[in-house]
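All remarks here apply to the structure that follows.
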Amino acid sequence: MSRGLGGPPAIVRTIEALAKAKEALGVSEIADAVGVDQPRASRLVQQGVARGLFAREADPDDARRTRIALTEQGLRFAHGIRNHQRESLNTALESFTDEERTELARLLTKLANSWPA
């Protein structure tokens, strides 16, 4: 994949959405999670399947539909993204003092608690 570790941003967002999901997702659920329309989500799924990152599964509740899940390769890619993000955050925080890290954590917690549901 191009564009650094993550590849195209929409594919990365799709991988992250599937990694967070408790079960395989339908294309419309992927569209909602990624913030794209359904035709774009279908193209993202096709790209992910072609790259071996996603697998199509029969929907147990509706035989006419398929659901999308990460393959083992997709799971490894998702873990790589998370590790890269963690390393980037740790690098960025190296220049912070202990007090600044504590203040940042306090402010981020306040922001998260105030975020509208």
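Looking at residue 89, is it at pLDDT 90 or above and touching a Ser or Thr at 6+ places or on another chain (Cβ under 8 Å)?
Values: at pLDDT 90 or above: yes; touching a Ser or Thr at 6+ places or on another chain (Cβ under 8 Å): no.
For residue 89, the condition - at pLDDT 90 or above and touching a Ser or Thr at 6+ places or on another chain (Cβ under 8 Å) - is not met.
Criterion first (more than 13 Å from the chain's Cα centre (by Cα) and hydroxyl-bearing (Ser, Thr, Tyr)) does residue 14 satisfy it? It is false that residue 14 is more than 13 Å from the chain's Cα centre (by Cα) and hydroxyl-bearing (Ser, Thr, Tyr). Taken over segment 60-99, the criterion of being of a type outside the set (Gly, Ala, Ser), in a strand (DSSP E or B) and within 20 Å of residue 19 (Cβ to Cβ) is satisfied by 66, 67, 68, 70. Among the residues of segment 10-52, write down those that are acidic (Asp, Glu) and without any contact (Cβ under 8 Å) to a residue 40 or more places away in the chain. Selection gives 29, 32, 37.
What about residue 31, is it surrounded by 15 or more Cβ atoms within 10 Å (Cβ to Cβ), at pLDDT 95 or above, under 13 Å from the mean Cα position of the chain (by Cα) and assigned to a strand (DSSP E or B)?
Working: surrounded by 15 or more Cβ atoms within 10 Å (Cβ to Cβ): yes; at pLDDT 95 or above: yes; under 13 Å from the mean Cα position of the chain (by Cα): yes; assigned to a strand (DSSP E or B): no.
It is false that residue 31 is surrounded by 15 or more Cβ atoms within 10 Å (Cβ to Cβ), at pLDDT 95 or above, under 13 Å from the mean Cα position of the chain (by Cα) and assigned to a strand (DSSP E or B).
For the residues 23, 16, the requirement of being loosely packed, with under 13 Cβ neighbours inside 10 Å and among the acidic types (Asp, Glu) singles out 23.
For residue 70, are the conditions met, namely being surrounded by 17 or more Cβ atoms within 10 Å (Cβ to Cβ), under 12 Å from the mean Cα position of the chain (by Cα) and of a type in the set (A, V, I, L, M)? Yes, satisfied.
The values are calculated or read from the model by the stated rules, or taken from the named source; none is laboratory data. Note that the coordinates shown come from a computational prediction; the quantities given were computed from them, not determined experimentally. All Cβ positions, glycine included, derive from the backbone under ideal geometry; neighbour counts span all protein chains shown.
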